[in-house]
Structures are given as structure tokens and as C-alpha cells.
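See structure below.
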Amino acid sequence: MAEIIASTLIEAVFQKLANEALKQVVRAKGIHFELKKLQKTLSRIQALLNNASNKEITNEAVQVWLNDLQHLAYDIDDVLDDLATEAMCREFTDQSEGSTSMVRKLIPSCYRNFSLSSKMHHKLDDINSKLQDLEKEQVTLGLTVKSGSLDVRDDTPKDKNRQSQTSLVDASSIVGRQVGMGGVGKTTLAKILYEDDQVNDYFEVKAWVCVSDEWDSFTISNIIFQSLTGETREFRDLNLLQVALRDQLRDKLFLLVLDDVWSESSDDWETLVAPFKACAPGSKIIMTTRKDKLLRQLGCGKLKRLQSLSHDDAMCLFAQHALGENSFNSHPRLKAPGEGIVRKCNGLPLALKAVGRLLRANEDEVKWKEIEDSEIWCLEDGGNIIPALRLSYHELPAYLKQLFAYCSLFTKDYAFDKEDLVLLWMAEGFLHKKVRLIKSTIERFGLECFDELLSRSFFQHSPNDESLFVMHDLINDLATSVAGDFFFRLEKEMGKNVRKRALDKSRHMSFVCEEYGAYKKFQGIEGAKGLRTFLSVGVKERWQSNYLSNKVLVDLIPQLQFLRVLSLSGYEISEGLDKVRKATETREAYLSHKRLTELEVEWSDVSDSSRNDTTENDVLDALKPYNECLKRLGIVNYLGLEFPKWVGDPSFRQLARVSIRGCKKCTSLPSLGQLESLKELSIQDMDDVKVLGSDFFGTGLAFPSLEVLSFEGMQGWEVWSTNGTSTTGVIKDEVFPCLKELHIMDCPNLVEISLKALPSLRDLRIHKCGDGVLRSLVHAAPSVTKLDINSISGLTNEAWRGVILDLKAVEELYVKHCHEMRYLWESQEAEASSKVLLNLKRLVVNYCENLVSLGEKDEEEYNYGNNLLTSLRSLEAGWCDNLKHLRCPDNIYWLEIKWCESITCVSFSSGGGQKLKSVSFHGCKKLMLKELREGGEKNRLLLINSKSC
């Protein structure tokens, strides 16, 4: 690895030395002689790199020599960057005099007060002296010139149609048959079961969690909750989260895969599985682990220990990946070296796959023999790295080695985005030289490099999100091993010990994003003055707010003068835009030239009367980001009357999530309907918006990809009109074809909704609105399976009657604070409602003060017939002060009544109550226990005294 980075840096140095602008600065500072001397020494050393590359594998002294050379190459590159940056910084400083923006504060003071000339001579003399010492060591190390320079293979894939591999498993390609060592195939086997058609048909819900070496019951529970609901909700308390999770799992057949478990604590296990007790019988958990202590503590006596593949199966798997066939019958010449390679892989599928893909479509017998006889198989100290993986890395083209080593900055199981990683490579300058040779765009070449590493199994798709990627634990270990001292990952638990590590050579550093990033954690890196990368990784919870010490921003980062990549992703860092007086100050950020994927702009929520609408609009307009990369946009407390035209412009083709809140002066929303990739939209606290109409939707198919839409706190909103119907009644433009979730909360004045159809809507939540909103939306959305209503004004029994007949598909119904309802259905539509609510599985009624019973005739023990609520499994009622009689459907499993102080009777129809698994009563003072028999038929009537509760 060291020879690759050293060679790459040396090439970059030569290119910079040839730059005319740099030559002018060099002449002005009088350091031309020193740089000329340096260039000659580097040329002679560069000629030794090919020989050093071959000896590095087994000769530790050569490894040290290459590391020292790499360190010096970084120093030289930094010096040249200083020189090239000086003129640009002077120009920028002149333009930004008087600015107080955050951008200017982050410009290192060393760039604003340049006086390098006196120090430059001494620094270059020191570098030249060290280079000459390295050159003298060539005799001792036995290094000789071979081919004049480092021989770099160019294995750029010739077949542009070669498909990238994914983690979706083709069961027909799996050979052999869950405790086991790393790389043996535990996860692969679990994936086959997880994606099996019969498994999918049997289980109602399922979730996959990659646990890794840090067990966190809260994080695991939250991932499961998100997998089940598709919601990203904020839970500040594990108990609240697990209660919500229990409610989601109640009476459902559930499959959970816990992949790569390292914990050995049974207490951790008991905490996690508490909500799973509400699942239906037959639910299952699959666990993959390298350790068996926890499983034995849980009483798993007969463990399924996954063994390595047999020789025949290993040969078959290797042939599949190397030759695209199941055997060597068509390639007899390659069978002998193939068998040798397979034996050295020790039956590990991950190793066989990696080496097989290394040789993919290569039928050169000599090359196969070279791989079989490689010295890498015989290394005594491989750092616990499987030799086959180290070999697959060694055979990578030079430019891919550097790109892969960079990924050592990612923590284990960190899910990364393809485009984001390519942008990081670009910012580091890793792709520029190669692009000039192959005449491609930088970004396109970076994407091709990513696909090549993916095809060679260095990356794989994330099991939780197919749009993201991860590295297998052993591949991550390999990246860390080859990256050496120049890449450093600051883990959570390493904070106290970081000072013990020699960081003077570190050039690229990542750190795990935490809720509170204290300055103390980073004090140890003050000695790493040459850092080029300061990268935040490991953000697991999108909803969680993370904060970074201001001392890191003010005292630490400005001292890192060689930074090329600064990413504080996941942290809340803001300086209110209400402090900006002129749009020219925001233009200093140059956002239109930066390939941001996420952007949130925020003003203070305190209005300043001295500012006008034009200023606010100009400020936001000047913050327009580069349109091709932006995926998430947030606008908070914007003080203008209307939004600039770029907000909602269809050219933002990647924009998937938009949040606009607290913009209380705006009288209209931006036109967002033509954003082709928008999936989530949240609008909150826009008091002056009265009408949503055609301007919001645009022309043509509106919101083609939107899945989640939320309106909250729209106090002045009155009309929601699509204007999509012609005079003949024909719908001209379809809207919301993919909308799955709709939340409308605290919009008390909304009275007119003209939405005609919401064919994909499944989850509808309406809080603090009028009954007309509820009636309009349930009529437009016949496929809703979950309805949550809270504080609906005007929802009388008569109004509810118009709603209930549209609830044909509802499975979960939540009714809260609806004080005008006396019954959920009246006697005349009892039979009709039995057909309408045929799919209802869960019913929750809370805080409905005037509710007397579920049905109008409950107190008279009216027989609704055997079809009423036949699917209902869970019934909960609470804090309904006037609820007197609760007639329960026959087939429920769970019954919970809380603080209904007037209730005297809880009963079942004929033969009912036989399937009850759980009954809970709290604060029901008038209940007492009794069982009646009538006419030979057993009629269960539960009258439970509070003393018995």
C-alpha cells in the first residue's frame, strides 16, 4: 500500500512543480534551487519503487522505508499546496474584508496572515536532507532500479456491461449448509431464509438488524420499529420506544434476524426481547454470531455450527466466481492451480469469492500459478487478515488500492452512499490523474471505480437499505490493515487513549458522531497538524440532534491548514441567517459550486423589524445549492413573504426529503409538485398560508414519488385544492400516485379539500381538525389500513356514520379526544358496519368523554350477528368517563381497560372470550366478577371489582 500512495503523491508533486503559476510564487520567494534539488532526488527514488513494491510483502525494513518516504511525500505536497494557496487566499481575503460569517471564521489564520518565506527555506532543507538519507538506504535494503519506475497494472474493466454484484442472494448459487468463524457464510445463509418466498408468506412482518460488536438495545429496537412502520419517530426513552414496538408487533407473526452478534450478556438480551412477547405464536428469531456463550446462557443446547465448505463444494463455488461455471470441466488446464488456491482458502466462502472474482474471466494459466504460489499465503503475521483477502487486495490496480484504503475511515457496519464516497475521493484528489489518462469525467470515473470494488466483493449492499453499502467486518479489517498510520479512526471508546498514539503521520481521520462531541475527545489530535481529512461518520439516528463543542470549531479546525475534506455531517451547527445583513455575505459560502447532499438553513425565531422581505429573499436566493447532488433540504424560520424560485425547481432531480417549518410570514408554499424524486415532505407552522392550489402542484403529474406528507400547525390554512378537474368532470392531472402516509395535525380552519383519489394511501393521521377533513380524506382513500384520529371537532354520531362506511380496509383504528361521539356505530348500521370493519384487527379508544358504549344497543345486549368485527384481536379503552358497558367481539386476544370509572359491565357474545391471552383492568371502580349461563348457552359476562384488579 505504501508504495502506491508514495508513487501517487510523487506524481502529484511533479505535476504541481510544472505549474506556471506555482513557478512564479517559487521565484518570488527565492526557493527555486531547493525545489529543483528536491525534484531530482525524488526522480531517483521513484525509480526504486517498483523493486520496493515487490520486497514490501516480506521485508519489514522496506515497509518502514516506504512509510518514511510516504510521510515525506505528504510533507512536500503540503508545502506546494501552501504555495499554490497563498495567492488565492490573498485574493479571497481582499474580497471578504469586514465579513463576520462562519465561512470566514473557518479560514485558517495562517492563510490570512501569510509569512512563509522565512520558514520555507528551513523546511525544504529539512525535507531534502531526509530524502537524501532515504536514497542512501537503497544499498542496505538491496533496492535496485526495475523498469525505471513503479510498474502499475491497469486493470480497468474492458467489459462495460459487466454487472455489479449485489447482496441479494441467488439461492441456486449457494453450496453447502449458525455459530461460525468470520467469512464462513452465516449472513449469506440467513439472507436466503429471510428472502425465501415461503418465509415471506408465513410471517406478517420481519426486520433485519446488523448488531456488530456494540450492543445497543435502544438502537436495535428503533431499527426494528422503523422496519415495521417505515416511520422515523423520535423516542427519548427506551420504555416508550418498546411500548410502541410492542403495539406494532401485537398478534403478528414476526421474523427477526440479528446478524453478527458479539454480546455475551443475557441482560442485554432480556431487555431487547421484552416487546416480542406480544407477538403471535410461531414468531422466530435468527441470530448469527461467532461466539456461543450468550446462546448457551439462553438454553440453546444444540447449536447449529456452520462448518467450512467441503473441498468439492469449495471448488464449485470458486469456479462459479472465477469462470462463471460450476466446475473446471471446460478449463482442465486451470484445475490444478485452482485446487491449490482452493486448499489455501480453507473452505471459507468469503475468501473463495474474493479470489475467484480476482481471476474472473482470466484464463492465463501463468497468472493462476502466480496466485497459487504468492508469498502472501505464507505470511506468519497477517494481522488476523485472511490471506486470500490480502491477496485479492494486492492484485488490485494501483488506483483502486488507494481508494479502498480510504474506506478504512468507515466504522464497521457503517452504511455509506455511493455518490457520497465518490465525492470524498474527488475532494482528496485521488481520481484526477487517472481521469486525464482515460479521458472521462472525474465523477463518472469514480463511479466506475466504485462498481469495480463492488464487483470484487470489497463492498456489498446494506441489508437494511439496498441504496446504501457496507463492508464485511473482515474486509473492514483488511482496509484498516493496509491503510497504515496515515489513516486514523477515532472510535468512541478511544477518546481517553488517543494521546498515546503517535498522530504526527496521520493525514486522514474520521470520528464517530455522538450526541455531544466534547472538545476533550479531540484534544489528542492537536499534534496531527498535517490532517487532510476530518470526517464525521457513524450517524445511526436521523432524528437525533447531535452537538459539537464550539471550541472544536473555533480553536481546533482553523489550525488544520491542510484540510481537503471537512465533514461535520450529523451535527447541529448553525449561525442564524437573521444575522446576515447582505446577500453578498451568504455568497461567500459558494454553495452553488459545492456538491452538498444535505442542506438546512435557519433563521432565528425572533423577528427583527429592521429587516425587510427583499433582504430575506435575496439571502435565501444566494444560498442556492448545486442542484445535481442535493438529497435533503430544510428551511427553518425563513422571514420572507415568498420563496425564491430555486426552492422546488425540477432541476433538483435527486431531492428526496424537504422540510419547511416556522416560516410564519410566508403567504404561499413553493411549487414542489414537480420534484421527481421527492419522497418525504413536511410542512409545519406556516400561519399565513390560506390556500394550497395549482401553484403548489405545478403542471402535469404532481408529486410522482412522494410517499410521506405531513402538515402541522397550519393555523390559517382553509382550502386544499388540486384544480385538477376540467369542466366536464374529467381529472386532468393526477396527484400523489405513490402517497402512503398522510398526516394533518393542528389545522383547525381547513374546511375545503378537493382531492379526488389517493390510491396508495395506507396510513392516515388527522389531529385537531374539523370533521369535514376526515370525511373528505377517508372517502378519497379507500385503501387506508391505519387510521389515527385525535380531537376532531364536529365529529358527532351522525358525522361518524358518514366516515365508518368508507373504512373498508382499515386494520388499525385509533380514536382519541373525540368528545362528541356517544357510540362507534348505531343500531341501524350494525350489520353494515360489520361488513365495513371486517378487516379491523386493533381498536384503541381513549379520552372520549361522552362515549357510552361501542354500539348503541350494547347496554340492551343487542345481538349484532356473528360477522361483527370478526378480525379484531386487540381492544383497548381508557379514560372514557361515561363508558358503561363494553360488549367485546368473540375472537379478541388482548383486552385492556384503563380508568373508565363508570364502566359496570364487560361482556362477550355467545361463546366468546375463549381466545383471550391477556386481560388488564386498571382504575375501574364499579366492576365486579360474575359469570352467567342462559338457555343452556354459556354467555360470558365479566364483572370485575376494582379490589380484584
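The values are calculated or read from the model by the stated rules, or taken from the named source; none is laboratory data. Predicted, not measured: the structure shown is a model, and the values here were computed from it. Cβ coordinates were reconstructed from backbone atoms using ideal geometry, including for glycine residues, and neighbour counts include every protein chain displayed. Just so you know, the surface numbers come from the protein's heavy atoms only, side chains and all, with ligands and any DNA or RNA stripped out. Shrake-Rupley method; radii C 1.70, N 1.55, O 1.52, S 1.80 Å.
Brief remarks follow.
- Residue list for segment 781-813, restricted to those being under 23 Å from Gly716 (Cβ atoms) and either open to solvent by less than 40 Å² (accessible area, probe 1.4 Å) or part of a helix (DSSP H, G or I) (or both): Ile789, Asn790, Ser791, Ile792, Gly794, Leu795
- Residues located in segment 326-353, provided they are of a type in the set (A, V, I, L, M, F, W, C), touching a helix residue (DSSP H, G or I) at 6+ places or on another chain (Cβ under 6 Å) and under 15 Å from Leu309 (Cα atoms): Ile341, Val342, Cys345, Ala351, Leu352
- Residue check for Leu706: modelled with pLDDT under 95, of a type in the set (A, V, I, L, M), crowded, with 16+ Cβ neighbours inside 10 Å and not in a strand (DSSP E or B): no
- Filter pass, Asn612 being open to solvent by 30 Å² or more (accessible area, probe 1.4 Å), modelled with pLDDT of 80 or more and farther than 21 Å from Thr411 by Cβ: no
This table checks each residue for (1) in a loop (DSSP other than H, G, I, E, B); (2) modelled with pLDDT of 85 or more; (3) open to solvent by 20 Å² or more (accessible area, probe 1.4 Å); (4) small (Gly, Ala, Ser).
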{"position": "Cys880", "(1), (2), (3), (4)": "yes, yes, no, no"}
{"position": "Leu886", "(1), (2), (3), (4)": "no, yes, no, no"}
{"position": "Ile903", "(1), (2), (3), (4)": "yes, yes, no, no"}
{"position": "Ser907", "(1), (2), (3), (4)": "no, no, no, yes"}
{"position": "Gly912", "(1), (2), (3), (4)": "yes, no, no, yes"}
{"position": "Leu916", "(1), (2), (3), (4)": "yes, no, yes, no"}
{"position": "Leu929", "(1), (2), (3), (4)": "yes, no, yes, no"}
{"position": "Lys938", "(1), (2), (3), (4)": "no, no, yes, no"}
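- Complete set of residues in segment 855-878 that are open to solvent by less than 50 Å² (accessible area, probe 1.4 Å) and modelled with pLDDT under 85: Gly855, Asp858, Tyr864, Gly865, Leu868, Leu869, Thr870
- Pairs where the first residue, in segment 199-210, is open to solvent by less than 40 Å² (accessible area, probe 1.4 Å) and the second is β-branched (Val, Ile, Thr), C-beta under 6 Å, 6+ apart: Ala207/Ile224; Trp208/Val257; Val209/Ile220; Val209/Ile223
- Note on segment 337-413: enclosed helices (runs of 4 or more DSSP H) holding 3 or more residues that are modelled with pLDDT under 80 are 387-394.
- Check on Leu774, open to solvent by less than 30 Å² (accessible area, probe 1.4 Å), touching a strand residue (DSSP E or B) at 6+ places or on another chain (Cβ under 9 Å) and part of a helix (DSSP H, G or I): yes
- Residues in segment 464-481 that are part of a loop (DSSP other than H, G, I, E, B) and surrounded by 20 or more Cβ atoms within 10 Å (Cβ to Cβ): Met471, His472.
- Residues within segment 569-591 that are surrounded by fewer than 18 Cβ atoms within 10 Å (Cβ to Cβ) and either modelled with pLDDT of 80 or more or of a type in the set (Val, Ile, Thr) (or both), tallied: 3
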